[in-house]
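S.K.: Next up is a structure, given as structure tokens.
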Amino acid sequence: MELILIFWSLFLFLAAFITLLPFDHWVVRIFDFPKVQLLVLSAITLILWVFILKIDTPIDYFGIIALCLSIIFHLYRVVPYSPFFPKEVVKCNVETESNGISLLASNVLTENSNYQLLIDQIEELQPNLVLTLESDERWEKALSSIEKLYPHTAKVPQDNLYGMHFYSKLPVKNLEVRYLFKEGIPSTKCKVQITNQQWVNVYGLHPKPPSPTEAPTSTYRDAELLKVGKEVSKIAEPTIVFGDLNDVAWSKSTTLFRKISGLVDPRIGRGRYCTFHADYKLLRWPLDHLFHSKDFCLVNLKVLPSIGSDHFPIYAKLQLSSLAEQLQEAPKADEDDEVLAEEKIEKAECY
């Protein structure tokens, strides 16, 4: 029993710190996702060791130290995405429709045919923007019923799990579908008008995740996020980036994206807002994201009920606020961050 516990503790230690290694392979990057699950397992193992087994050899103390370090590291990563941490985005005290914008993003799961469940959510919440991911021609046909209210669209129906459909009630200009690194992996970019004189830059993303069935490394995913981040960093206007980023909020790659882009995360100080996996309560983490410039405050943010997909939809409402811009501090990249981001983009371009 003791030998098993020793090897198990060593595995938990490696699972915690392997993500610090500069490797993009999915075998390493996959451990970015289950931080909370690994935290719980490490804590349970520590309790077993302290209260059930004797601690009488140096290797016992080594195992306990390894578990404690793992727990501290996991807490460092995930506590910001809990109510125990200061909020990065302030809550709007007064809500006005004139300078607000609402968004709904949903990875619908291509094979899912519960179209009406998503349509009902759209009709109930009436978001200004809707972004669907993994949507194919069947989903495009089913969602045609909302186009009377959402006349501005970008449609990329695909059967490769990377279809994308963008719908807007608000006036749109410069709407384009881009393939930043790989054919068949689209993203959207546009300007959305929320007042007579105010336009907001909106990016919709869905890069490939590192996994044995999708991509062997996170190279393209990371580079897509960082390329968009570098674009955003040069924009003075309000900006929103949302979609299924196939990454978790606390990973090194998403943290680097936030530093490079200067965008804030409304989940910090509030919760994880897990959207995947909808079918397994014990295996959930936040894959669907919303980041925005610091001139927005938060009206509402929530994960919506299941529509039969492996992802829950996510909804957010933001409002432009000069006070929020003064109160909120955006993350900043240092010289090392800039160099690392450039290296990752160049690596993807040469891959």
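S.K.: Out of contact with any Leu (no Cβ under 8 Å at 6 or more places or on another chain), buried (at least 23 other Cβ atoms within 10 Å of the Cβ) and not hydrophobic (A, V, I, L, M, F, W, C), is that true of Pro210?
M.R.: Judged against the criteria, Pro210 is a match.
S.K.: Continuing with the same structure: Taking the range 117-145, which residues are open to solvent by 50 Å² or more (accessible area, probe 1.4 Å) and in contact (Cβ under 8 Å) with a residue 24 or more places away in the chain?
M.R.: Scanning the range 117-145 gives Leu117, Gln126, Arg138, Ser145.
S.K.: Are there any pairs, at least 6 apart or on different chains, whose C-beta atoms fall under 8 Å, with the first in the range 42-54 and touching a residue at least 12 places away in the same chain (Cβ under 8 Å) and the second among the β-branched types (Val, Ile, Thr), and if so, which?
M.R.: Here the result reads Ser42/Ile71; Ala43/Ile71; Leu46/Ile64; Leu46/Ile71; Trp49/Ile55; Trp49/Ile64; Val50/Ile64, each pair linking the range 42-54 to a residue that is among the β-branched types (Val, Ile, Thr).
S.K.: Quick one: in the range 1-18, which of the residues that are modelled with pLDDT of 95 or more and open to solvent by less than 10 Å² (accessible area, probe 1.4 Å) is nearest to Ile44 (Cα to Cα)?
M.R.: Among those that are modelled with pLDDT of 95 or more and open to solvent by less than 10 Å² (accessible area, probe 1.4 Å), it is Leu12.
S.K.: While we're looking at this one, here's another question. Counting just the residues of the range 213-253 that are surrounded by fewer than 20 Cβ atoms within 10 Å (Cβ to Cβ) and in a helix (DSSP H, G or I), which one comes out nearest to the chain's Cα centre (by Cα)?
M.R.: This residue is Lys252.
S.K.: From Ser70, Ser42, Ser106, grab the single residue that is surrounded by 12 or more Cβ atoms within 10 Å (Cβ to Cβ), within 30 Å of Pro238 (Cβ to Cβ) and not β-branched (Val, Ile, Thr).
M.R.: One residue alone meets the criteria, Ser106.
S.K.: Please report, ordered by residue number, the strands (runs of 3 or more DSSP E) entirely within the range 127-197 with at least 3 residues that are among the aliphatic types (A, V, I, L, M) and under 30 Å from Ala348 (Cβ atoms).
M.R.: 129-133, 172-178
S.K.: Taking into account only those residues within the range 19-39 that are closer than 25 Å to Lys347 by Cβ and without any contact (Cβ under 8 Å) to a residue 40 or more places away in the chain, which is least open to solvent (accessible area, probe 1.4 Å)?
M.R.: Val28
S.K.: Right, something else. Hey, among the residues in the range 51-67 that are open to solvent by 50 Å² or more (accessible area, probe 1.4 Å) and among the β-branched types (Val, Ile, Thr), which one's modelled with the highest pLDDT?
M.R.: Top of the filtered list is Ile65.
S.K.: Which numbered condition in (1) among the aromatic types (Phe, Trp, Tyr); (2) more than 30 Å from Asn196 (Cβ to Cβ); (3) touching a Lys or Arg at 6+ places or on another chain (Cβ under 7 Å); (4) crowded, with 23+ Cβ neighbours inside 10 Å is the only one that Phe291 fails?
M.R.: Every condition holds for Phe291 apart from (2).
The values are calculated or read from the model by the stated rules, or taken from the named source; none is laboratory data. Since the model is a prediction, treat every value here as computed from it, not as a measurement. Note that each Cβ is placed from the backbone with ideal geometry, even for glycine, and that neighbours are counted across all protein chains shown. To get the accessible areas, we keep the full protein, side chains included, count just its heavy atoms, and leave off ligands, DNA and RNA. Shrake-Rupley method; radii C 1.70, N 1.55, O 1.52, S 1.80 Å.
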